[in-house]
Amino acid sequence: MDLKINERIDDLEINNLKIIQNKNWFCFGVDSVILTGFAKEIHRNSRVLDLGSGNGVLGLLLSAKIENVKITGVEVQEEVAEMARRSILLNKLEDKIEIININVKDFYTDIKYDAVVTNPPYKEYNTGATNENKVKLISRHEVEGTLEDFICTASKALKDKGAMYMINRPERIVDIFEYCRKYDLEPKEIRLVYSKINSKPTLVLIKAVKYANRYLKVREPLYIYKENGEYSDEILKIYNKI
């Protein structure tokens, strides 16, 4: 497959899957991989919606972790969506994954999904450094869609008792809970992610279920690294290394 300028093909190290990435854009990180580990409980034969799909990494990884899954990715940036489609073709997964180029807040379908996964932009608009190129800016900041937009669309797309799996920053927990309840998604599980023991949490995983009863389970912490700087055993398992 011919690559465009600044593109490369990376090995996802599961099921021989590959992904096309542009080094000047937003390449996936450990947060996306952690989210697929959190969402691996999604049942086989499920229909899954990936909101803010970016280069398509969540869909590619979930296609390997969940049997007979059907995934729809929604990505606002045309050039990024096109790159994700080429990764799908590269892996011959056209029958499992599709990418729709539309703003999350404008997405609507009569189809009801069993689950939603989302790794939305973490930063509110006009906060933090904004001197990035346009693609990175939209990927990291709420330029084209707010946290509320993502949660609202997730709720509309889900079946009753369907689940949303999200990764975000701990400082957004209150906002996430507020918007979830506003749109009939009840937070059911929360798990904080730490770089290593005795560090501050850097990420949070949240599962919310549509029209569920009120009961929140706080799961044990997830540590990315051991004290010696190597990946923890749980992270290695998520990466299919052990």
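Since only L205, F28, N119 are under comparison, the one whose Cα sits farthest along the positive direction of the charge dipole of the chain, derived from C-beta charges on Lys, Arg, Asp and Glu, is L205.
Filter the chymotrypsin sites (Phe, Trp or Tyr not before Pro) in the range 158-242 to those in DSSP coil with at most 11 other Cβ atoms within 10 Å of their Cβ, and list the result.
Details: sites: Y165, F177, Y179, Y183, Y194, Y211, Y215, Y223, Y225, Y231, Y239; in loops: Y183, Y211, Y215, Y239.
Those satisfying the criteria are Y215.
Between I99, I151, I173, the GNM of the chain built on Cα springs shorter than 10 angstrom shows I173 fluctuating the most. Shape descriptor for the range 1-70: Rg over Rh equals 0.98 (Cα atoms; Rh from the Kirkwood inverse mean 1/r). Bridges between two residues of the chain, per DSSP, are antiparallel at a rate of about 45%.
Exposed loop sites were defined as trypsin sites (Lys or Arg not before Pro) in DSSP loop states (anything but H, G, I, E or B) carrying at most 16 other C-beta atoms within 10 Å; in the chain the longest segment without such a site runs 113-195.
Springs between Cα atoms under 10 Å define the GNM used for the chain, and in it the highest mean-square fluctuation of I167, I176, I111 occurs at I111.
If you average the sequence gap of Cα pairs under 8 Å that are 6 or more apart and divide by the length of the chain, what percent do you get for the contact order? Walk me through the intermediate numbers first.
Working: 488 pairs, mean separation 38.6, N = 242.
RCO, the chain: 16 percent.
Throughout, read-outs are computed from the coordinates displayed, never taken from laboratory work. Just so you know, these numbers come straight off a predicted model, no measurement behind them. All Cβ positions, glycine included, derive from the backbone under ideal geometry; neighbour counts span all protein chains shown.
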